[in-house]
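In what follows, a single structure is set out as structure tokens and then discussed.
The values are calculated or read from the model by the stated rules, or taken from the named source; none is laboratory data. Everything numeric in this text was worked out from a predicted model, so none of it was measured. Because the Cβ atoms are built from the backbone with ideal geometry, glycine has one as well, and the counts that use them run over all protein chains shown. Accessible surface areas use protein heavy atoms only, side chains included; no ligands, DNA or RNA. Shrake-Rupley method; radii C 1.70, N 1.55, O 1.52, S 1.80 Å.
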Amino acid sequence: MKKLNLLFLMLIGASVMFTSCGEDDPTPTPDPDPEDEMVLSENISEDMTLESGNVYTLASRVSVLDGVTLTIEPGVIIKGEAGSGANATALVIARGAKIMAEGTADQPIIFTTVADEIQPGEIYHEDGLSPEQNGLWGGLLILGKAPISVGGDNSETQIEGIPPSDTNGLYGGSDVEDNSGVVKYVSIRHGGANIGDGNEINGLTLGGVGSATVIENVEVIGNNDDGIEWFGGTVSVKNAIVWNAGDDAIDADQAWNGTLDNFIVVNAGDKSFELDGPEGSYVDGNYTLTNGSIIAGGAAGLVDNDENTNVNMSNIYFTSLVEGQTFDELPTVDGEFSSFEVTLPEGGTVADFFLGGSAAFTTAVAEGENTVGADKSVFAGWSWTSVSGSLDILK
């Protein structure tokens, strides 16, 4: 009997020890896969920082939500996966959100495609994609609460390139000084995925973006649709390059009221400038394009204005023109146009290319003798367009 009791107590003790060990030493939870942390696949609902030295994959259309800030440190590379239609990958900064993408001349921030083998520290990959390859992902869209002209005052609407079912694509409002953050030393490449018939995503879309937003030193390369397009808003952009846009290089709509200062266009697919006027009752002055150089290349045309385009243009130089490229017309509303210079192809005249009254403010000059145009030195080192030698024709 004593032996049975002793055996019983030993069994109870072993059971207690086993249970106790299980509570004190549970099976550890595996650490997250570091590669998973480098994938952006869902909307960003709390402040996030993308850290220098890393490559991040954009796996879907990702929106930074109202009240949230996305910080992108210098040297970060973001690669979008392939996709079209509703599955096109894009980074959307929704109204009320902010992007703080502050690259440097030594460490630019690069948006590109997963097909691009570029790695941190490279301006481009030696054996990588050509600057003509496009449509391999979406693009960067920044949306704000500044006025747009699509109807009455303080209107809002859905940005092109984003399905109507996604309300993070809304833009427009009444806050002229709205702040969507900072974009500096940023290169956007190989984008423009198609979401529907004739509805592609621009390289950099600015929808209703306010004047407190800072955008400086940006380039868009090989985008299937437009390079940079403004849809209303009041944001200004300084130091910009568009190279090999599939459609228009510089496109403005819906009574944008800001300034593009010091810019270069190289080889647009359609027009170097597609400049539209208000689409509704709202308009508050003109937007300004100044200090630009246009290397026309294979562009279908130079400048296309609507009759009601609210634009001022000055200090712009054109070179590398071919027959058929024209400044089509001047708007019938008040605008200031001055100080255009052009290096003509052999046998060409100013009147062959600058129509609708634009010849009156355009002067022919020899290559390298222009006195207006962009300062290309600000793009040296960090811009693929500059490093490639594509700006060498400019003085």
Filter result (within 23 Å of PHE231 (Cα to Cα) and part of a strand (DSSP E or B)) within the stretch 298-330: GLY301, LEU302, VAL303, ASP304, ASN305, VAL311, ASN312, MET313, SER314, ILE316, PHE327
Matching residues in the stretch 139-191 - criterion: being in contact with a strand residue (DSSP E or B) (Cβ under 7 Å, 6 or more places away or on another chain) and of a type in the set (Lys, Arg): LYS184, ARG189
Residue list for the stretch 72-94, filter: over 16 Å from the mean Cα position of the chain (by Cα) and either small (Gly, Ala, Ser) or buried (at least 16 other Cβ atoms within 10 Å of the Cβ) (or both): GLU73, PRO74, GLY75, GLU81, ALA82, GLY83, SER84, GLY85, ALA86
Restricting the stretch 331-345 to residues that are open to solvent by 50 Å² or more (accessible area, probe 1.4 Å) and outside any strand (DSSP E or B), the residue that is nearest to GLU367 (Cα to Cα): GLU336
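Residue-by-condition table, conditions (1) closer than 30 Å to ASN134 by Cβ; (2) modelled with pLDDT under 50:
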residue: ALA14; (1), (2): no, yes
residue: GLU23; (1), (2): no, yes
residue: THR49; (1), (2): yes, no
residue: GLY53; (1), (2): yes, no
residue: ASP66; (1), (2): no, no
residue: PRO74; (1), (2): yes, no
Count of the stretch 161-174 residues which are free of Cβ contacts under 8 Å to residues at least 60 places away in the same chain and either crowded, with 18+ Cβ neighbours inside 10 Å or under 18 Å from the mean Cα position of the chain (by Cα) (or both): 0
Selection within the stretch 187-244 - in a strand (DSSP E or B), at pLDDT 95 or above, small (Gly, Ala, Ser) and closer than 19 Å to PRO164 by Cα: GLY207
Residues of the stretch 258-285 classified as open to solvent by less than 30 Å² (accessible area, probe 1.4 Å), under 16 Å from ASN244 (Cβ atoms) and either of a type in the set (S, T, N, Q) or assigned to a loop (DSSP other than H, G, I, E, B) (or both), total: 2
Scope the stretch 286-298; condition in contact (Cβ under 8 Å) with a residue 60 or more places away in the chain and open to solvent by 40 Å² or more (accessible area, probe 1.4 Å); matching residues: ASN291
